[in-house]
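Engineer: First the structure, which I've put down as structure tokens, then a few questions once you've had a look.
The values are calculated or read from the model by the stated rules, or taken from the named source; none is laboratory data. This one's a predicted model, so the numbers in the text were calculated from it and none came from an experiment. Every residue, glycine among them, receives a Cβ derived from its backbone with ideal geometry; neighbour counts consider all protein chains shown. Accessible surface areas use protein heavy atoms only, side chains included; no ligands, DNA or RNA. Shrake-Rupley method; radii C 1.70, N 1.55, O 1.52, S 1.80 Å.
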Amino acid sequence: MTAALLSSLTDGAAADRPDALSFAGRTLSREDLLGAAGAVAHRISGAECVAVRATATAETAVAVVGGLLAGVPVVPLPPDAGPVERRHILRDSGAELVLGGEGGENEEAGVASVPVDLRERADHPERTADPDRPALILYTSGTTGAPKGVLIPHDAIAACLDGLADVWQWTAEDTLVHGLPLFHVHGLVLGVLGALRTGCRLVHTGRPTPEAYAAAGGSLYFGVPTVWSRVVRDPGAARRLSGARLLVSGSAALPAPVFRELEALTGQRPVERYGMTETLITVAARADGERVPGRVGVPLPGTRTRLAAVEDGGGIGELEVSGPTLFSGYLGRPEETARAHTADGWFRTGDIAALDPDGTHRIVGRASTDLIKSGGYRIGAGEVENALLDHPAVAEAAVVGLPHDDLGQEIVAYVVADGVTEQALIDFVAGQLSVHKRPRRVRFLEALPRNAMGKPQKKLLEGL
Ligand code: MCA
Ligand code: AMP
């Protein structure tokens, strides 16, 4: 039986120490974190929803835990979100204030900013989480339009973290190291709440660089494939990870050559795991199981998976999942929530998977090419196209993800435009949305190839 998320955060499962948590060299004990989070909880008590400017800092951890303690849903805001993205997230979520925000930034959306002070201390309010209120609202891209708010229940987080603790033998004895952003499941839920729930030490390196990972001396490392491919390109840093207990890759497919080079340099095979913002982590390779390139493992305890539309009985099809780690819906979008589920309540992931005879899963692609994964970030082609079309010089735009050695996929925009440079359009998107949603390349065309219905034929764009 999964213990409530809140009690595990406040129990102090592990012996405390002054450097229980470290964010880019700024250390704090669990007691420090809980004291400062308690002060946040008092300040926001009664709010319907708060946003957190989710920099990769201790302040973000304090603000998020403060929200959890107060039972107030937390919306992490990418710290570099431009005005279009920020305004959408604040308005759509109804967040009443931004913790750790910078005054001017949020005025336009009519939302007050409240600083987070690590020196403040207050007892956390005694409460149990209201099952009808989500713990987190994470904004994530669909194929079209603006990002949707994914409602993540407290119990889903607890079930996911307990499942991962089981499959990875993750305990208070570990030191977890990563440098991932704190506005997504990977860095925030696994990388911060996971450390708090298991009671392990956390070293957040600020940025996920090979040198910082090598210097951190951890037992358990998290990274997206881009991080691991950068690690193997720095053999000196990679070798310094040899003493770790477990190297974990997730958020996108780990290329087989990177898997093999990691093994050659560190003497150990990484474990892969698979998930989505909507489902948290559902499938993972076990620490005591087989670790094979391209295989993301078996369902977490309590999770079930199945393949829809299996072709020729060949064990390949769209992956559907059900279980205790699933979201409770898209905020304010009942129709999209319904469309994302089957009639019998399973979540349609949109990923194409293959099931091996031993029950391990392989992710072989995505049903829609309009969801791009670049550096482990999920980016909707439609959102980037809309941002480009907001530029006065752009008449037409089509965005695709092309294979890229470092990022997995690279965002490439094809535009019909006059009197504007490639760099100006890249900077425009980086400024309106988040920096990671910017196209890395822009190609100028006379016209977009379209089918008889007038829809851009994206398959024809590659190579133009
Ligand atoms: C460059 N920069 C710019 C511009 N160009 N800034 C403004 N305008 C521009 N035109 C700056 C950036 O601000 C940044 O500055 C620097 O260039 C590098 O940024 P970027 O190019 O984005 O970094 P990168 O090197 O390409 O990033 C690689 C990365 C990153 C570090 C691996 O992609 C990353 O952190 N990925 C993690 C994604 C993740 O956590 N996904 C989990 C999703 P400065 O350096 O000063 O900041 S959750 C999920 O998928 C599920 C649940 C799962 O399974 O986990
Ligand atoms: P996000 O919504 O950012 O959480 O992205 C979820 C998507 O990331 C999934 O639908 C998959 O396409 C992809 N993904 C996550 N983990 C893996 C993995 N281990 N292998 C392949 N794709 C993955």
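Engineer: Mind telling me which of the residues V75, V114, V98 ends up being of a type outside the set (F, W, Y), closer than 30 Å to R366 by Cβ and either surrounded by fewer than 23 Cβ atoms within 10 Å (Cβ to Cβ) or touching a strand residue (DSSP E or B) at 6+ places or on another chain (Cβ under 9 Å) (or both)?
Structural biologist: Values: V114 fails: closer than 30 Å to R366 by Cβ; V98 fails: closer than 30 Å to R366 by Cβ.
Selected residue: V75, the only one of V75, V114, V98 that is of a type outside the set (F, W, Y), closer than 30 Å to R366 by Cβ and either surrounded by fewer than 23 Cβ atoms within 10 Å (Cβ to Cβ) or touching a strand residue (DSSP E or B) at 6+ places or on another chain (Cβ under 9 Å) (or both).
Engineer: Would you confirm, using the coordinates I've provided, whether A56 is within 23 Å of L196 (Cα to Cα), touching a helix residue (DSSP H, G or I) at 6+ places or on another chain (Cβ under 7 Å) and among the hydrophobic types (A, V, I, L, M, F, W, C)?
Structural biologist: No, not satisfied.
Engineer: Criterion first (of a type in the set (S, T, N, Q) and either in a loop (DSSP other than H, G, I, E, B) or open to solvent by 20 Å² or more (accessible area, probe 1.4 Å) (or both)) does T282 satisfy it?
Structural biologist: On the way: of a type in the set (S, T, N, Q): yes; either in a loop (DSSP other than H, G, I, E, B) or open to solvent by 20 Å² or more (accessible area, probe 1.4 Å) (or both): no.
Spelling it out, it is not the case that T282 is of a type in the set (S, T, N, Q) and either in a loop (DSSP other than H, G, I, E, B) or open to solvent by 20 Å² or more (accessible area, probe 1.4 Å) (or both).
Engineer: Still on this model: Would you mind listing the strands (runs of 3 or more DSSP E) fully within region 295-370 where at least 3 residues are of a type in the set (A, V, I, L, M, F, W, C) and either more than 16 Å from ligand 2 (Cβ to nearest atom) or modelled with pLDDT of 95 or more (or both)? Steps first, answer last, please.
Structural biologist: On the way: elements: 295-299, 304-308, 316-322, 347-355, 361-366.
Fully inside region 295-370 and qualifying: 347-355.
Engineer: Would you check if there is a residue in region 366-383 being at positive phi, in contact (Cβ under 8 Å) with a residue 12 or more places away in the chain and either open to solvent by less than 30 Å² (accessible area, probe 1.4 Å) or in contact with an Asp or Glu (Cβ under 8 Å, 6 or more places away or on another chain) (or both)?
Structural biologist: Keep residues of region 366-383 that are at positive phi, which gives 375-376.
After this cut, where a residue has to be in contact (Cβ under 8 Å) with a residue 12 or more places away in the chain as well, the list is 375-376.
Next, from what is left, pick out any that are either open to solvent by less than 30 Å² (accessible area, probe 1.4 Å) or in contact with an Asp or Glu (Cβ under 8 Å, 6 or more places away or on another chain) (or both): 375-376.
Yes, region 366-383 contains at least one residue that is at positive phi, in contact (Cβ under 8 Å) with a residue 12 or more places away in the chain and either open to solvent by less than 30 Å² (accessible area, probe 1.4 Å) or in contact with an Asp or Glu (Cβ under 8 Å, 6 or more places away or on another chain) (or both).
Engineer: Still on this structure, I have one more. Can you go through H404, H361 and tell me which one is within 16 Å of ligand 1 (Cβ to nearest atom), under 23 Å from A253 (Cα atoms), open to solvent by less than 20 Å² (accessible area, probe 1.4 Å) and not polar (S, T, N, Q)? Give the derivation first.
Structural biologist: Details: H404 fails: open to solvent by less than 20 Å² (accessible area, probe 1.4 Å).
From the options H404, H361, the qualifying one is H361.
Engineer: If you don't mind, another one. If you go through region 248-274, how many residues are surrounded by fewer than 16 Cβ atoms within 10 Å (Cβ to Cβ) and basic (K, R)?
Structural biologist: Going through region 248-274, the residues surrounded by fewer than 16 Cβ atoms within 10 Å (Cβ to Cβ) turn out to be 256-257, 260, 264, 267.
Okay, now just the ones that are also basic (K, R), so 260.
Number of matching residues: 1.
Engineer: If you scan region 126-148, which residues turn out to be open to solvent by 40 Å² or more (accessible area, probe 1.4 Å) and of a type outside the set (A, V, I, L, M)?
Structural biologist: Initially, region 126-148 is screened for residues open to solvent by 40 Å² or more (accessible area, probe 1.4 Å), giving 126-128, 130-133, 143-144, 146.
Within region 126-148, E126, R127, T128, D130, P131, D132, R133, T143, T144 meet the criteria.
Engineer: So, A447, is that one assigned to a loop (DSSP other than H, G, I, E, B) and either among the hydrophobic types (A, V, I, L, M, F, W, C) or modelled with pLDDT under 95 (or both) or not? Before the answer, list the steps.
Structural biologist: On the way: assigned to a loop (DSSP other than H, G, I, E, B): yes; either among the hydrophobic types (A, V, I, L, M, F, W, C) or modelled with pLDDT under 95 (or both): yes.
Taking the combined requirement at face value, the residue satisfies it.
Engineer: Would you confirm, using the coordinates I've provided, whether G223 is away from ligand 1 (no atom under 16 Å from the Cβ), of a type in the set (G, A, S) and within 22 Å of the chain's Cα centre (by Cα)? First the steps, then the outcome.
Structural biologist: Values: away from ligand 1 (no atom under 16 Å from the Cβ): no; of a type in the set (G, A, S): yes; within 22 Å of the chain's Cα centre (by Cα): yes.
Considered against the rule, which asks whether it is away from ligand 1 (no atom under 16 Å from the Cβ), of a type in the set (G, A, S) and within 22 Å of the chain's Cα centre (by Cα), G223 comes out as no.
Engineer: If you don't mind, another one. I'd like the full set of residues that are of a type outside the set (K, R) and crowded, with 22+ Cβ neighbours inside 10 Å, limited to region 45-54.
Structural biologist: First pass over region 45-54, keeping only residues of a type outside the set (K, R): 45-52, 54.
Listed by number, the residues that qualify are V50, A51, V52, A54.
Engineer: Considering only region 286-305, I want to know if a residue exists there that is closer than 24 Å to A338 by Cβ and either more than 16 Å from ligand 1 (Cβ to nearest atom) or of a type in the set (A, V, I, L, M, F, W, C) (or both).
Structural biologist: Checked region 286-305: at least one residue is closer than 24 Å to A338 by Cβ and either more than 16 Å from ligand 1 (Cβ to nearest atom) or of a type in the set (A, V, I, L, M, F, W, C) (or both).
Engineer: Only one of these is in a strand (DSSP E or B), more than 12 Å from ligand 1 (Cβ to nearest atom), surrounded by fewer than 20 Cβ atoms within 10 Å (Cβ to Cβ) and not polar (S, T, N, Q): E410, E396. Name it. First the steps, then the outcome.
Structural biologist: On the way: E410 fails: more than 12 Å from ligand 1 (Cβ to nearest atom).
None of the others qualify; the one that does is E396.
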